[in-house]
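Colleague: Pasting a structure here, questions to come.
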Amino acid sequence: MHDLRPHQVKAIDMLVAAFRAGKRRPIIQAPCGFGKTLCAARIVIGARAKGNRVVFCVPSLSLIQQTFDRFVENGIDPGDMGIIQANHAWTRPHAGIQIASVQTLQRREFPLTDIVICDEVHLVYDVICRWQDEQPDKLFIGLSATPFSRGLAQRWDCLLKPTSMADMIAQGWLSKFKVFAPSHPDLSGVKTVAGDYQEDQLGEAMSKPKLVADVVETWCARAEGRPTIVFAVNRAHARLIHDQFEKSLVPVAYIDANTEREEREAIGRRLANREIQVVVNIGTLIVGVDWDVRCISFARPTKSEMLYIQAIGRGLRPVYPKGFDPQSCTDEERAAACESEKGSLLLLDHSDTTMRLGMVDEIDHDELLGGKKPKSESEPEEKHIGLPHECEDCGCLVPPKATECPNCGHVNRRRVNVEQLPGQLEEFQRGGKRVKAPSVKDALIAMGKAEVWAQIKGMSEQYNWSKGRRSHVYRDIFGVWPGYAIEDLPAKLPSSELLGWERSKRIAYARSMRAKERAAG
């Protein structure tokens, strides 16, 4: 039986405290590499010690056996476990611990149990919602690295955050990472459906020869043969990338949803043995993958924080030197050992997702989100983090609060002491002298009405705005409605000034609504 790490001990302590406080449906946020299965095993052991029956739900059939094996490795008696799956050899309906997939549960009556533990709860399974509705007094425990789905606050009563991805990187439980943004795809014509890019249009936009070639050329120039996962948009896009790697004589494999489990495992072994260097996949290597991945090529633009974090998390698992015990050392020693053995994860972001959502270890939420997810939502309005910028020398992305490039050490020019308000910039210089800088609105007006309208149309296509909304954005800037003379101008990519202006208006609106809510009650 493995010893618990400090953040796992804290998670269990927080769970016990939540139950004592009367909570019935807590969610534990366990970042990628947290050791979620070990933590879950200890929760199950504690529940069984009190005579409680437990059902552990996994998101797919392929994870049932893996979970069973991990539970055995972490001290659970296999004689006390059963598997709910048709014709499975370990079908034991009277065992105190049952492992089931949500697919199987949808077709059966709910098993008799005292506690339901739901893995990857951010996926919001219909069967779990129905179970909660039909048995409202039952204890439910949710587990997820990214519990950011809208509506979770309506069904779960608290969020437990024993640690964060940033803390785990600083403490050496996860690998550090560097991000390069070698490509800037034009997504102005790609519509948004259900909060993310429409797949067919996205695949077409990302399949342009220059972008596909850039994925391979950048990997050859920067990856130094590191074992790599490439995230593609769809089968056609993935095949183009796969074939381009083959033409470049790079040993490569391909995985999609139709790849059998045995073949996936064989590909994983070949990657570990360095028989291949790259695996191109379509959204399948996100959950339950413990491969030693040292480079991720992200060629699948997304507006989903959850998808992005889950994908990049595949490359953040640390590798320590042989004989090194990460449990019995300081955070500094652990971080140094992790970096010396594996080095930083290399993230080649061909999608501009980091530039759009922020550094992956800074994306987070302090509480569960309520409400339903709007069709055109790209991110919750309540969460706005600083965005990275490209190093002027090497192109590595520099975290928003840093000035020195993490890759080459170049000190980038930085607008220090700048306070941004809706439509106005105030620069505070040394000695406390305040100088009024040109406002964002002034900069937009200087561009001219036709140019700004074309950019607004581009933003409208990205975020699926109504015609009325884009007209209101134009009027907020110029004080008049757009005229017929510019109505049919072709769309352009929005400038940083327009993006900043629109973001500041949304922030101001959200703050005013919260202030009204506080005043009302």
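Colleague: With the condition kept exactly as written, say whether any residue in segment 336-349 is farther than 30 Å from H2 by Cα, modelled with pLDDT of 85 or more, of a type outside the set (A, V, I, L, M) and crowded, with 17+ Cβ neighbours inside 10 Å.
Modeller: yes
Colleague: Would you mind telling me which numbered condition in (1) surrounded by 18 or more Cβ atoms within 10 Å (Cβ to Cβ); (2) farther than 18 Å from L369 by Cα; (3) of a type outside the set (A, V, I, L, M) P136 fails?
Modeller: Failing condition for P136: (1).
Colleague: Let me ask something else. Any chance segment 365-378 includes a residue that's over 26 Å from T163 (Cβ atoms), among the polar types (S, T, N, Q) and at pLDDT below 90?
Modeller: yes
Colleague: I'd like the full set of residues that are among the small types (G, A, S) and surrounded by fewer than 18 Cβ atoms within 10 Å (Cβ to Cβ), limited to segment 75-94.
Modeller: G75, G79, A86, A89, listed by residue number.
Colleague: What is the number of the single condition among (1) touching a Lys or Arg at 6+ places or on another chain (Cβ under 6 Å); (2) at positive phi; (3) charged (D, E, K, R) that E120 does not meet?
Modeller: (1)
Colleague: Would you mind listing the helices (runs of 4 or more DSSP H) fully within segment 207-294 where at least 3 residues are under 27 Å from V319 (Cβ atoms) and of a type in the set (V, I, T)?
Modeller: Hits in segment 207-294: 209-222.
Colleague: Moving on. Among the residues of segment 447-460, what is the count of those that are crowded, with 17+ Cβ neighbours inside 10 Å, under 26 Å from Q201 (Cβ atoms) and not small (G, A, S)?
Modeller: The qualifying residues number 6.
Colleague: In segment 110-124, is there at least one residue being over 19 Å from A40 (Cα atoms) and charged (D, E, K, R)?
Modeller: So far as segment 110-124 goes, no, none of its residues is over 19 Å from A40 (Cα atoms) and charged (D, E, K, R).
Colleague: Examine segment 54-70 for a residue that is surrounded by fewer than 20 Cβ atoms within 10 Å (Cβ to Cβ), touching a residue at least 40 places away in the same chain (Cβ under 8 Å) and in contact with a Leu (Cβ under 8 Å, 6 or more places away or on another chain), and state whether such a residue exists.
Modeller: Yes, segment 54-70 contains a residue that is surrounded by fewer than 20 Cβ atoms within 10 Å (Cβ to Cβ), touching a residue at least 40 places away in the same chain (Cβ under 8 Å) and in contact with a Leu (Cβ under 8 Å, 6 or more places away or on another chain).
Colleague: Just checking, which of V215, V250, V279 is in contact with a strand residue (DSSP E or B) (Cβ under 9 Å, 6 or more places away or on another chain), surrounded by 15 or more Cβ atoms within 10 Å (Cβ to Cβ) and in contact (Cβ under 8 Å) with a residue 60 or more places away in the chain?
Modeller: Only one candidate passes the filter, namely V215.
Colleague: Within segment 450-464, how many residues turn out to be part of a helix (DSSP H, G or I) and out of contact with any helix residue (DSSP H, G or I) (no Cβ under 6 Å at 6 or more places or on another chain)?
Modeller: Residues that pass the stated criteria total 8.
Colleague: Still on this structure: Just give me the residues in segment 476-521 being surrounded by 15 or more Cβ atoms within 10 Å (Cβ to Cβ), modelled with pLDDT of 80 or more and of a type in the set (V, I, T), in sequence order.
Modeller: I477, I486, listed by residue number.
Colleague: Any chance you could count how many residues in segment 401-444 are at pLDDT 85 or above and out of contact with any strand residue (DSSP E or B) (no Cβ under 7 Å at 6 or more places or on another chain)?
Modeller: 1
Colleague: Taking the condition of a type in the set (V, I, T) and over 28 Å from E390 (Cα atoms), does V252 pass?
Modeller: Judged against the criteria, V252 is a match.
Colleague: Counting residues that are farther than 18 Å from R24 by Cα and not assigned by TED's automatic domain parsing to the domain that holds V289, which strands (runs of 3 or more DSSP E) fully inside segment 42-159 reach at least 2?
Modeller: 81-84, 97-101
The values are calculated or read from the model by the stated rules, or taken from the named source; none is laboratory data. Quick caveat: nothing in here was measured; it's all calculated off a predicted structure. Ideal geometry is used to build each Cβ from the backbone, glycine not excepted, and the neighbour counts take in all protein chains shown.
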